[in-house]
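Here is the structure we will look at, set down as structure tokens.
The values are calculated or read from the model by the stated rules, or taken from the named source; none is laboratory data. What you see is a predicted model; the values in this text were computed from it and never measured. Quick reminder, even Gly has a Cβ in these numbers, built from the backbone with ideal geometry, and neighbours come from all protein chains shown. Each accessible area value is taken on the protein alone, full model and side chains, heavy atoms only, with ligands, DNA and RNA left out. Shrake-Rupley method; radii C 1.70, N 1.55, O 1.52, S 1.80 Å.
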Amino acid sequence: MSGKLMRAVQYNSYGRGADGLKHVEVLVPTPNKDEVLIKLEATSLNPLDLKFQKGVARPFVPRKFPVIPCTDVAGEVVEVGSSVVKFKAGDKVVALLNLFIGGGLAEYAVAKESLTVQRPEEISAAEGAGLPVAAISVHKALVDISGIKLDGSGTRMNILITAASGGVGHYAVQLAKLGNTHVTGTCGARNIEFVKSLGADEVLDYKTPQGATLKSPSGKKYDVVVHCARGIPWSTFEPNLSDAGKVIDLTPGPSSMYTYVWKKLTFSKKQLLPLIFIPKEDKELKLLVNLVKEGKLKTMFDSKYPLSKAQDAWAKSLDGHATGKIIVEI
């Protein structure tokens, strides 16, 4: 593939939203010895991609301009690095690209062997591409931090999931219900039945007075909040938490970091925990792909766009009201 050109979408500076994305032709990347080159079939958008363009992680991400955004991809391996042993040309895969570099809005991308997994034939490229950042984040919040066991054993817990109909939240509802949990979700009125169909026991319309308070209709206090929304202050969460309840913020901003530090310094039993992670291995992604194969987890789609309409997909994501995942098909 050396010297071959590919279609891609990139931006050259911070800001400007969908208008900042430009269609270009660039060289197909060459895999390093521990990487695979993937001919992409689908890429999903995440809130993190939009944050990086806005400059919330400057000067660390992106490392340089121009940048081809997005990290969650699925496709077919076409070339492997010299030290790669798990994959060969022709393998269908799901991969998480380098969070600092991106590369997903293109015809080809390189991924570390350690963050690439086989995609069973039962799983479409779009279903697989929805998983990496969104579902891994949820898995870390529910399993690693909260201690929920996905086999249904363990102590029963009351869980609140904000933005439960979104690209991250819809995975959170499904994974939480695999554990021994009572799940309350928040969403807009039009998505209440959708969130119930995912398995939620209770659903709050966040635009109603009761929904805005986050109070459980059954009066339960929350042991864990998986916070997938924005703009909800700690003062709204705190009275709804159990004695040692925790809020795990999957989209942390400066206020979350301040609350996290303050709660630590004051030895509060109630905690706000910003979720920040840099994945290094494929263990969780393998587990999630297997759950999809077994029918225990589903990727639900808000919309799908061709690469030529990537700006429309970006604008839809910026709108913040997607129901499920937004996918760009290549």
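Within the stretch 300-330, being under 13 Å from Thr43 (Cβ atoms), among the hydroxyl-bearing types (Ser, Thr, Tyr) and not in a helix (DSSP H, G or I) holds for one residue alone: Tyr305. Within the stretch 92-124, the only residue that satisfies the criterion of being in a helix (DSSP H, G or I) and hydroxyl-bearing (Ser, Thr, Tyr) is Ser114.
With respect to the conditions (1) outside any helix (DSSP H, G or I); (2) without any contact (Cβ under 8 Å) to a residue 40 or more places away in the chain, Ile248 lacks only one, and its number is (2). The lone criterion from (1) out of contact with any helix residue (DSSP H, G or I) (no Cβ under 7 Å at 6 or more places or on another chain); (2) among the small types (Gly, Ala, Ser); (3) part of a helix (DSSP H, G or I) left unmet by Ser242 is number (3). Condition first: among the aliphatic types (A, V, I, L, M) and surrounded by fewer than 17 Cβ atoms within 10 Å (Cβ to Cβ). Now tell me which residues in the stretch 5-17 satisfy that. Matches in the stretch 5-17: Leu5 only. Apart from one condition, Tyr258 fits all of (1) of a type outside the set (A, V, I, L, M); (2) closer than 30 Å to Gly324 by Cβ; (3) assigned to a helix (DSSP H, G or I); (4) under 24 Å from the mean Cα position of the chain (by Cα); the exception is (2). Among residues that are open to solvent by 60 Å² or more (accessible area, probe 1.4 Å), without any contact (Cβ under 8 Å) to a residue 60 or more places away in the chain and of a type in the set (Asp, Glu), Glu25 is included. Looking only at the stretch 269-281, filter to residues that are open to solvent by less than 30 Å² (accessible area, probe 1.4 Å) and within 15 Å of the chain's Cα centre (by Cα); which one of those is nearest to Gln118 (Cα to Cα)? Result: Pro279. Look at the stretch 307-325: where a residue is more than 20 Å from Ala106 (Cα to Cα) and a partner is of a type in the set (Asp, Glu) and crowded, with 18+ Cβ neighbours inside 10 Å, sitting 6+ places away or on another chain with Cβ atoms under 6 Å, you get Ala322/Asp302; Thr323/Asp302; Gly324/Asp302.
With respect to being touching an Asp or Glu at 6+ places or on another chain (Cβ under 6 Å), open to solvent by 30 Å² or more (accessible area, probe 1.4 Å) and either farther than 27 Å from Lys316 by Cβ or touching a residue at least 12 places away in the same chain (Cβ under 8 Å) (or both), Lys39 fits the description.
Residues in the stretch 182-217 that are polar (S, T, N, Q), surrounded by fewer than 17 Cβ atoms within 10 Å (Cβ to Cβ) and at pLDDT 95 or above: Ser197, Thr208, Thr213.
Exactly one residue among Asp34, Asp91 is in contact (Cβ under 8 Å) with a residue 60 or more places away in the chain, of a type in the set (Asp, Glu) and open to solvent by 10 Å² or more (accessible area, probe 1.4 Å), and that residue is Asp34.
Within the set Pro66, Pro47, Pro62, the sole residue that is surrounded by fewer than 17 Cβ atoms within 10 Å (Cβ to Cβ) and closer than 30 Å to Pro254 by Cα turns out to be Pro66.
Every residue, every condition in (1) within 23 Å of the chain's Cα centre (by Cα); (2) closer than 24 Å to Asn46 by Cα; (3) buried (at least 19 other Cβ atoms within 10 Å of the Cβ); (4) among the hydrophobic types (A, V, I, L, M, F, W, C), yes or no:
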position: Lys221; (1), (2), (3), (4): no, no, no, no
position: Pro233; (1), (2), (3), (4): yes, yes, no, no
position: Glu238; (1), (2), (3), (4): no, no, no, no
position: Leu241; (1), (2), (3), (4): no, no, yes, yes
position: Ala244; (1), (2), (3), (4): no, no, no, yes
position: Thr266; (1), (2), (3), (4): no, no, no, no
position: Lys283; (1), (2), (3), (4): yes, yes, no, no
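Pairing each residue of the stretch 1-17 that is without any contact (Cβ under 8 Å) to a residue 40 or more places away in the chain with any residue that is β-branched (Val, Ile, Thr) and not in a loop (DSSP other than H, G, I, E, B), provided the two are 6+ apart or on different chains, yields C-beta distances under 8 Å for Leu5/Val26. When residues in the stretch 98-135 are screened for being open to solvent by less than 10 Å² (accessible area, probe 1.4 Å) and over 19 Å from Tyr305 (Cβ atoms), 5 of them pass.
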